[in-house]
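What follows is a short report on a single structure.
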Amino acid sequence: MQVEDRHTTVQKSMTSCNPKEWVKLYADDLFKFACSKVADSAQAQDLVQDTFLSGLQAMAQFRGDSSEKTWLMAILKNKIIDYYRKPAKTVFPLDSITSDSDPLSLFFNEKGHWRKEMAPKAWTTDIQDGIRQHEFTRILRACMDKLNGIGKTLFQQKFLEEKKSADICKDLAITPSNYWVIIHRAKLQLRACLEKNWFSN
Amino acid sequence: MGHHLHTLLPCCKEATLLAEKQLQQPLPLLQRIGLQFHLLYCFFCRRYVKQSRIIDQQLRALQASEGPALEESVKLQWEEKIAAALKK
């Protein structure tokens, strides 16, 4: 009798929503997915919460064509896209990238040569060994967080999402040459940050 | 980018940009020659290219490594929020 009951609830949840079970069933997977996309866990949490709340509002439109999980995942993906679109368009107008002052002058002199104090130093510490790898990853995350907005966004999409550069350019409405200018600058900043926080001590 | 821009004689600023592109896609022949030539005599950029590649590998590994787990208290909060919304 009990087995039968359970069977019917499963059947029912295939075609209709069961929000009371959402957190238990899907929160971990949604959160994991969000983390892989935004790399800031607090932000990932907000995105998942928004997903549940939007899901509640849109419940009537759920037809059961896809599984509940697929449906929630689709909502989450849209939230993530919105999350990346907002800062790219509002906080970082393109003229801040192409402005006259050269943001790379911190690294290179007017002839385009490395400034002595910023020139790459030899990395002597071996990252590959276990404990150090863990510590390195921690510093890498911290340095990623320090990058300015657009650089961080591009880096996350390029490496954490393995997104094609053409798609990134399209989504963020930037030209390929701006893309490379931003990636180049972000890499220089990231490398300098790693060197300062990891390899120098 | 300035007057020193010359495909076959890139400065460090240009060479590091070319190197960044090359990590993702093949460069056109002239740019590739320019970069290789620069790296022949530029010790710092050789080092930079090597380190830049390590950074890329580590960033890719970041994705593979597991993210932080969701706390139970957060889940409880969510469940309460959903229950409250359902009552309305």
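The numbers here are math on the coordinates, done by the rules we state, and not lab data. These numbers come from a predicted model, not from an experiment. Here the Cβ is made from the backbone with ideal geometry for all residues, glycine too, and neighbour counts use every protein chain on show.
Each Lys and Arg Cβ is given +1 and each Asp and Glu Cβ -1; about its Cα centre, chain B then shows a dipole of about 300 debye.
Other residues within the sphere of radius under 9 Å centred on the Cβ of A:Gly112, judged by their own Cβ, net out at 0 (K and R +1, D and E -1). Roughly how many Å is it from the Cα centre of the range B:16-88 to that of the range A:114-184, as a whole number? Result: 5 Å between the Cα centres. Secondary-structure-derived ellipticity at 222 nm for chain B, considering helices only, amounts to -23000 deg cm²/dmol, per-run term -39500 (n - 2.57) for DSSP H runs with n ≥ 4.
Summing charges over neighbours of A:Lys187, with a neighbour being any other residue whose Cβ is under 9 Å away from its Cβ, gives 0 when K and R count +1 and D and E count -1.
Dipole check for the range A:94-199: with +1 at the C-beta of Lys and Arg, -1 at the C-beta of Asp and Glu, and the Cα centre as origin, the magnitude is about 180 Debye.
Think of it this way: in chain B, B:Cys11, B:Cys12 stand alone, with no other Cys Cβ under 4.7 Å.
How far is helix B:72-87 tilted off the main Cα axis of chain B, in degrees rounded to 10, range 0 to 90? Helix B:72-87 sits at roughly 60 degrees to that axis.
Entry for the range A:94-199 at q = 0.11, 0.18 Å⁻¹: log10 I(q)/I(0) = -0.41, -0.99, Debye formula applied to identical alpha-carbon scatterers, no solvent contribution. Computed from backbone phi, the HN-Hα couplings of the range A:71-76 come to 5, 5, 4, 5, 5, 4 Hz, rounded to whole numbers (Karplus: 6.51 cos²θ - 1.76 cosθ + 1.60, θ = phi - 60°; Gly and Pro given as x). Distance between the pseudo-spin-label points of A:Glu117 and B:Leu8 (7 Å out from Cα toward the beta carbon): 3.8 nm. For the pair A:Glu21 and A:Arg138, the difference between a 0.36 nm per residue extended length and the Cα-Cα distance amounts to 38.7 nm.
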